[in-house]
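Working notes for the structure below.
The values are calculated or read from the model by the stated rules, or taken from the named source; none is laboratory data. Remember, predicted model here, so these are calculated numbers, not experimental data. So basically every Cβ, Gly included, is an ideal-geometry build from the backbone, and we count neighbours across all protein chains shown. To get the accessible areas, we keep the full protein, side chains included, count just its heavy atoms, and leave off ligands, DNA and RNA. Shrake-Rupley method; radii C 1.70, N 1.55, O 1.52, S 1.80 Å.
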Amino acid sequence: MANTVIKTENLNFQYESDDKIKPVLFDVSLDIKEGSFVCILGRNGSGKSTLAKVFSLVNKPTSGTIELFGQKIDENITEDQAYEIRKKIGMVFQNPDNQMVATIVEEDVAFGPENLGIEPQEIRRRVDEALGIVGMKEFSRHSSSQLSGGQKQRVAIAGIIAISPDVIIFDESTAMLDPIGRSEVMQTILKLAKMGKTIILITHHMDEAVHADRIIVLSKGRVASDGTPQEIFSDEKMLEDTGLALPQSKTILNMLKEKGIEINTDGLDPLSAAQNISDALKKRSRI
Ligand code: ADP
């Protein structure tokens with residue numbers, strides 16, 4: 001059984017500024033396992049980014065508890081402990097331009113490990129490895145400003161990989177990209193998931209969500225549903241209530257079902273869905 005990396009119990013969070021209080025998260029109880037690929041869905045304003053910032057110690061819960069890597073986060077936690085935990089959680093944000101810190105790609109990727117005081121030889125190794133993982137090695141001496149959005153985002157991901165976190169949170173990291181950039185970044189995320197990193201993906205694209213092991217749906221700051229992509233995208237009432245669309249693969253399966261062709265598929269990712277549809281149609285034509 002995999003270890004729990006993030007655990008919250010009855011967690012509440014509110015923003016407080018001047019005399020204004022804005023409660024955003026309510027009674028969130030979750031348990032995220034090491035090596036899992038979790039997607040968080042929900043309408044704009046449902047609290048996804050706020051929750052991600054609770055996971056990365058930016059937002060401190062107003063009440064309830066959070067444990068990261070088995071360590072309870074409360075007023076007793078020391079600065080050193082918090083620093084060690086922060087190193088284990090990397091975040092990739094929406095705007096690739098805001099995440100570039102150096103003018104040359106490899107310098108940008110080296111920035112994180114340099115800040116951690118890692119020795120130069122090890123930094124070199126990490127930078128090469130990280131650029132290899134995101135498929136940007138040949139761009140290592142290129143100017144960051146001349147890259148496409150998708151390439152920049154992959155460099156930003158390499159910068160996070162070079163810090164070697166256990167958990168990587170992607171907060172709408174494909175939202176500002178064109179379809180090619182989005183697909184490049186998604187392929188990178190899938191590769192990291194296969195490598196065993198714990199992935200938390202916040203997205204508006206249902207076709208990205210289908211790749212996750214688990215989807216958590218937030219609605220008005222509460223967990224409205226939590227299950228596999230199959231379970232989530234079969235719950236029509238919940239989808240309607242929470243304003244979520246269907247992924248393309250599910251729409252196609254539903255259209256076939258209407259025509260009397262019912263296909264059992266264990267995965268909604270395009271490849272497994274297409275494989276199951278093709279097998280089912282072949283079987284049918286044989287009858
Ligand atoms: P999502 O990521 O699902 O779009 P957010 O977590 O960004 O949702 O926002 C949830 C709610 O919290 C929204 O109503 C938003 O306006 C509010 N909010 C977000 N950041 C702040 C902040 N710094 N101060 C006050 N309210 C905020």
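What to note about this one:
- Cut-off under 5 Å, modelled amide H: who pairs with Leu218 long-range: Leu41, Gly42, Ala224
- For the range 228-287: relative contact order, % (alpha-carbon pairs under 8 angstrom, 6 or more apart): 28
- Span from the the range 19-51 Cα centroid across to the the range 131-161 one, whole angstrom: 29
- Computed label-point distance, nm, for sites Leu57 and Ser143 using a 7 Å Cα→Cβ extension: 3.8
- Loop-located GluC sites (Glu not before Pro) in the range 1-108 whose Cβ has at most 12 other Cβ within 10 Å (DSSP): Glu75
- 5 Å binning of all Cα-Cα separations within the chain, expressed as whole percents from 0 upward: 1, 5, 11, 15, 16, 15, 13, 10, 7, 3, 2, 1, 0, 0, 0
- Protection proxy ranking of 116-124, 261-269 - average other beta-carbon atoms within 10 Å, highest first: 261-269, 116-124
- Largest to smallest accessible area among Glu258, Glu208 [probe 1.4 Å]: Glu258, Glu208
- In this structure the amide hydrogen of His142, modeled in the peptide plane, comes within under 5 Å of the amide hydrogens of Val105, Glu106, none closer than 5 places in sequence on its chain.
- Alpha-carbon centroid distance for the pair the range 57-116 / the range 180-256, whole angstrom: 25
- Chain lengthening between Thr78 and Glu240 when straightened (0.36 nm per residue, less Cα-Cα): 53.9 nm
- For the residue pairs Lys53/Lys197; Lys88/Lys194; Lys259/Lys283; Lys20/Lys220; Lys22/Lys87; Lys33/Lys152, the C-alpha atoms sit more than 23 angstrom apart in Lys22/Lys87; Lys33/Lys152.
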